[in-house]
Amino acid sequence: MNLLRTRIDLDAIAHNTRLVKDLVAPAELMAVVKADAYGHGADRVAKVMADNGADRFGVATIAEAVALTEHTELPVLAWIWSADEDLAEPLSRGVELGVPSLTHARALVDAAIPARVAVMADTGMHRSGIDEAHWEEAFTLLRDAEHLTVTGVFSHLACADEPQDPFTDAQAEVFRRAVALGRGLGLDLPINHLTNSPATLTRPDLYFDQVRPGLILYGLDPLPGDHGLTPAMTWAGDVVVVKPIKAGEGTSYSLTWRAEQDGYLAVIPCGYADGLPRRVQGALEVGIGGKLYPQVGRVCMDQIIVDLGENPYGVAQGDEAVLFGPGGMSAAELADMLGTINYEVACLPKGRTVRTYEGGL
Ligand SMILES: Cc1ncc(COP(=O)(O)O)c(C=O)c1O
């Protein structure tokens, strides 16, 4: 029996995809489904995204791209790969590759396999991407290789989640220079893209030909405010035990928490082996039947304990307890509590967590 689950609402994925598609039109939408679609299951959500306006998919690794080609007809771009990798299989499956360095450009030229490639320009983040000093050489190499088709230039923004930060404009300026240089060297570069989720919400002037968001498609907001998104993921477990506790008695390892008055506890089968950080102790609130109850005592490997007080709403074994998502704390609230971001919270569930789906029919 599955006692712990992430439930993915495919209707929410559909809603968010349509919302983004309408927002950015006529720019195209590359839906980012790396890391198994931010923990939502790339095989299932990609189909829903494709049906609701995604034009292409973006992933990190070649392995992710190859797996995704089993589930979609749409083009898939991967941007993390080693220049030593055997490219025969991914390229024969039509995977498009981002070119993050001059070494990678040379590897694609030497592989002599027909491929679509996108030049990844470093515009200031100093992560993956070709440095400006090497742009001309890279564009020229790729242009002169008859087996290669250069689809465009892309780059990643470092500070888009702080909309006032002038660094985004500085990066955009460098990006425009890259596109102009490539076109000046005779490349068409029809599909250029720069914006991640926060910039897709705030910078329509930077859409170029395509946007490249991930987070917002899952209904998680990278910025304060309401952008009309619907969270798709709920992490929930079934209450496995409800038991009484008397005033002064303690619970869980080291009895770090003691009841102030007689009441009831509920046990939820989710622990740090399932991805719930031990440091949520005392700050997590679990949603049961639409009410929030404090988690108390140590987080164990396999379970946590929730204080039901006098249990006025009659929480019983088998009731669903929401760790985050609709009906519980939001991913953003849990992230704040943990000193992290909702991106990481979506990637927490693991261990005995089973993914289930609803909607999407
Ligand atoms: C290269 C690249 N493009 C796009 C994205 C999507 O970012 P977001 O989830 O903020 O939309 C990411 C995610 O980190 C990325 O690494």
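The values are calculated or read from the model by the stated rules, or taken from the named source; none is laboratory data. Please read these numbers as outputs of a predicted model, since none were measured by experiment. Don't worry about glycine lacking a Cβ; one is built from the backbone with ideal geometry, like all the others, and counts go over all protein chains shown. Just so you know, the surface numbers come from the protein's heavy atoms only, side chains and all, with ligands and any DNA or RNA stripped out. Shrake-Rupley method; radii C 1.70, N 1.55, O 1.52, S 1.80 Å.
Annotations
- Contact order, relative form, for the chain: 18 percent (alpha carbon pairs under 8 Å, 6 or more residues apart, mean separation divided by residue count).
- Contact order for segment 225-361, expressed relative to its length and based on alpha carbon pairs under 8 Å spaced 6+ residues apart, stands at 27 percent.
- M301 paired with L223, simple spin-label distance in nm, labels 7 Å along Cα-to-beta-carbon: 4.5
- Rounded to the nearest 10 square angstrom, D226 shows an accessible area of 140 square angstrom against a 1.4 Å probe.
- With both residues required to sit in the chain, DSSP beta bridges show an antiparallel share near 50%.
- Relative pair counts by distance (%), Cα atoms of segment 233-358, 5 Å bins: 2, 12, 22, 26, 20, 11, 5, 1, 0
- Area of K246 that stays accessible when all protein chains are in place (1.4 Å probe, Å², to 10): 120
- Within-15-Å neighbourhood charge of D336 [Cβ basis; K, R +1; D, E -1]: -4
- With R₀ set to 41 Å, the beta-carbon distance separating D11 from R93 gives a calculated FRET efficiency near 0.85.
- Net charge of neighbours whose Cβ lies under 14 Å from the Cβ of G129, counting Lys and Arg as +1 and Asp and Glu as -1: 0
- Overall shape of segment 87-192 was characterised from the C-alpha gyration tensor. The equivalent ellipsoid obtained from it has semi-axes of 25, 14, 11 Å, in decreasing order.
- Prolate/oblate/rounded label for segment 1-75 (Cα gyration tensor, a/c 1.5): oblate
- Count of lysine pairs in the chain with Cα separation under 24 Å (8 or more residues apart, or interchain): 7
- Counted by Cβ distance under 13 Å from G248, the other residues give a net charge of -1, where Lys and Arg count +1 and Asp and Glu count -1.
- Between A112 and E132, the C-beta separation translates, for a Förster distance of 25 Å, into a calculated FRET efficiency of about 0.35.
- With every protein chain in place and a 1.4 angstrom probe, the accessible-area ranking of M301, M125, largest first, reads M301, M125.
- Full extension of the chain between R177 and D144 yields a length gain of 9.8 nm, computed as 0.36 nm times the residue separation minus the alpha carbon distance.
- By accessible area with a 1.4 Å probe, ligands and nucleic acids excluded, highest first: order of E96, E64, E146, E85: E146, E85, E64, E96
- Carbon and sulfur %, accessible surface of segment 233-358 computed with the full protein complex present, 1.4 Å: 49
- Using a cutoff of 8 angstrom between alpha carbon atoms and counting only pairs six or more residues apart, the relative contact order for segment 10-217 works out to 19 percent.
- Based on DSSP H segments of at least four residues, each scored -39500 (n - 2.57), the chain has a per-residue ellipticity at 222 nm of -8500 deg cm²/dmol.
- In this structure, V241 and A63 have a Cβ-Cβ separation that, at R0 = 41 Å, corresponds to a calculated FRET efficiency of about 0.50.
- Taking every protein chain into account, the accessible area of segment 262-354 amounts to 43 square angstrom per residue (probe 1.4 Å).
- Computed from Cα atoms alone, the Kirkwood hydrodynamic radius reported for the chain is 22.2 Å.
- Computed over the chain with a Gaussian network model linking Cα atoms closer than 10 Å, the most mobile of G271, G39, G339 is G339.
- Segment 25-162: C-alpha gyration tensor shape, a/c 1.5 cut-off, then a/b vs b/c: oblate
- Cα-based shape type of segment 136-222, given that a ≥ b ≥ c are square roots of the gyration tensor eigenvalues and the cut on a/c is 1.5: prolate
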